[in-house]
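A short worksheet on the structure shown next.
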Amino acid sequence: MKKTCSILIGLLLCTVAAQAQLLWKISGNGLTQSSYVVGTNHLAPVSFTDSIVGVDEALNAVEQVYGELDISVIADPVKLMQMQTAMMLPEGLTIDSVLTPEQMTRLNAFMKSTLGADMNNPIVAAQLERYTPVALETQFTLLMYLKNHPGFNPQSTLDAYFQGTAAEQGKPTGGLETMEFQIGVLYESVPMERQVVRLMCLVDNKDYYEDATERLAAAYFSQDLAALKVVIDEKMNNACDATPEEDEALLYARNANWAKLLTAIVQEKSTLVAVGAAHLPGERGLLELLRKAGFEVTPVTEVPAPVTE
């Protein structure tokens, strides 16, 4: 088995574990060619593909590649503008319109310690004050990670790599969801009151959230889905925890819909499916749902044999 070693948060993570896998083969259930599922992470550099056993061979072998979104949507300026608009407060409102003065004081203290500047800085305010609380939560989480990992490039993602390579090979790409659906799940479906709670949870628990992000990344780079799920399921036992309804919307309902779509997709063409690794593990994870649909889903622990005609 290939040994994976990555330097992360100052620790050397070297793992060799039979079930520590990000790439899984889909076979059986009448398939004439195998398909594959690979877990991605927005905080992983493209170079990490070198540590995923068999992923390049799988990418070369399949007839098409699917992601959560189709790469053409990701690159469409009109669609990107729709996403940007959804991340903004209604015209005339700024973040100090939806937070109390006391909450703004806490937010500014958090920003000062994290970014070195707060909303009292006109340059910072011009960039961030019109973001919704949930959009600020997302932006701050990324900025906190970048502060600890300055060499990481968030514009170079695994999701884009897999579909981009497929496009270079002349293979079709596809998406399991539309941009409009993701906008609804991530931004429009979250009530403003809940958005404020979530933002202030990050503001008031900076060290915990920073540590949790690092532990999620560490589990991913170790290719340990079980460890990943432990962090995902971790609770603070207060209002900061995701509600059952939020977990359903963000993870489980999407997993179920993807499993239904993929049942037909992989029957038509051999496919590499690249989705967030958080969607893979557990009884309601994508891997188990595909098994329940009748497929054999097994970890790839060695380079797949080339496809023969």
key: Efficiency of FRET between ASN121 and SER97 - r from beta-carbon atoms, R0 22 angstrom, step 0.05   = 0.75
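Want the number for THR301 to VAL185: 0.36 nm per residue separation, take away the alpha-carbon distance, what's left? Numbers along the way, then the final one.
On the way: separation 116, 0.36 × 116 = 41.76 nm, distance 3.44 nm.
Net length gain for the segment: 38.3 nm.
Would you calculate the convex hull of the Cα atoms in the stretch 172-309 and tell me its volume per residue in Å³?
Numbers: hull volume 19.2 nm³, N = 138.
Convex hull of Cα atoms, per residue: 139 Å³.
Can you give the Rg to Rh ratio of the chain, both from alpha-carbon atoms, with Rh computed by the Kirkwood formula? Display every interim value, and only then the final one.
Numbers: Rg = 20.3 Å, Rh = 20.7 Å.
Computed over Cα atoms, the ratio is 0.98.
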Net charge over other residues, Cβ less than 13 angstrom from the Cβ of ALA135 (K, R count +1; D, E count -1) = -1
query = From largest to smallest, what semi-axes in whole angstrom does the stretch 239-309 give when each is the square root of 5 times an eigenvalue of its alpha carbon gyration tensor?
reply = 28, 14, 10
ask   = Based on Cβ point charges of +1 for Lys and Arg and -1 for Asp and Glu, what charge dipole magnitude is obtained for the stretch 26-166 about its Cα centre, in debye rounded to the nearest 20?
value = 380 debye
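Keeping all protein chains in place, calculate the accessible area per residue for the stretch 150-309 (probe 1.4 angstrom), answer in Å².
Numbers: 7700 Å² over 160 residues.
Computed with neighbouring chains in place, this is 48 Å² per residue.
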request  = Give the relative contact order (percent, whole number) for the stretch 163-242; include only Cα pairs under 8 Å separated by 6+ residues.
outcome  = 21 percent
ask   = By how many degrees, between 0 and 90 and to the nearest 10, does the Cα long axis of helix 253-268 differ from the longest principal axis of the chain?
value = 30 degrees
query = Alpha carbon centre of the stretch 136-168 versus the stretch 58-111: separation in Å?
reply = 13 Å
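Sorted by accessible area (1.4 Å probe), largest first, how do HIS279, HIS42 line up? Mind dumping the intermediate values first?
Working: HIS279 15, HIS42 120 Å².
Reading off the accessible areas and sorting them downward yields HIS42, HIS279.
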Length released on extending from GLN267 to GLU168, taking residue separation times 0.36 nm less the Cα-Cα span = 33.3 nm
task = Quantify, in whole percent, the carbon and sulfur part of the accessible surface of the stretch 106-151 (1.4 Å probe; protein heavy atoms only).
result = 55 percent
request  = Name the lysines eligible as straight-distance cross-link partners of LYS260: C-alpha to C-alpha under 16 Å, and not fewer than 8 places from it in the same chain.
outcome  = LYS269, LYS292
task = For the stretch 55-184, count the residues as N, evaluate 2.2 N^0.38 Å, and divide the Cα radius of gyration by that value, please.
result = 1.33
ask   = Residue farthest toward the positive end of the dipole of the chain, with Cβ of Lys/Arg at +1 and Asp/Glu at -1: which of THR132, VAL73, ALA86?
value = VAL73
task = At 0.36 nm per residue, minus the direct Cα-Cα distance, what do ASN29 and VAL230 gain on full extension? Give it in nm, one decimal, please.
result = 69.3 nm
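The values are calculated or read from the model by the stated rules, or taken from the named source; none is laboratory data. Since this is a predicted model, take the numbers as computed values, not measurements. Cβ coordinates were reconstructed from backbone atoms using ideal geometry, including for glycine residues, and neighbour counts include every protein chain displayed. Protein only, heavy atoms only, side chains kept; ligands, DNA and RNA dropped before computing areas. Shrake-Rupley method; radii C 1.70, N 1.55, O 1.52, S 1.80 Å.
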